[in-house]
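One structure is given below, encoded as structure tokens.
Read-outs: derived from the displayed coordinates by stated rules, not from any lab. As the structure is a computational prediction, the values presented were derived from the model and not from experiment. Here Cβ is always computed from backbone atoms with ideal geometry, including for glycine, and neighbour counts include all displayed protein chains.
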Amino acid sequence: MNPLFGPRPETLLMLGAKSTWRIVERLEVWRLLAAVFLHGGLLHLLGNVAAILAYGRCVCPPTYMTSQRWRVQRNVCVRFLTVATFTNALSATCMSAI
């Protein structure tokens, strides 16, 4: 049973969880981005949502005009996906194969 109230590890792996062996040996590089959108369970998802909301309030306060807000939100999304993919790649190359 998953202590985070989520899917089994086999299910996450099937859906694209980061697996160093599959990324390096089988060249499944799509997992670097897919893993960003997977969560270990409900508690993991709620923690990430809370962190992103707190970060969003700091980066894009409600006083911004609509055009400024859209530009900031787009930039935050691009940065988030870039950093998340890069850290998954770094983790896959520096950690032992799992």
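Things worth noting here:
- Subset of the range 1-28 that is more than 24 Å from ILE52 (Cα to Cα) and in contact (Cβ under 8 Å) with a residue 60 or more places away in the chain - its residue that is nearest to the chain's Cα centre (by Cα): SER19
- Number of the condition not met by TYR64 [criteria: (1) in contact with a helix residue (DSSP H, G or I) (Cβ under 7 Å, 6 or more places away or on another chain); (2) within 30 Å of GLU10 (Cβ to Cβ)]: (2)
- If the condition is being in contact (Cβ under 8 Å) with a residue 12 or more places away in the chain and among the aliphatic types (A, V, I, L, M), then the range 53-81 contributes VAL59, VAL72, VAL76, LEU81.
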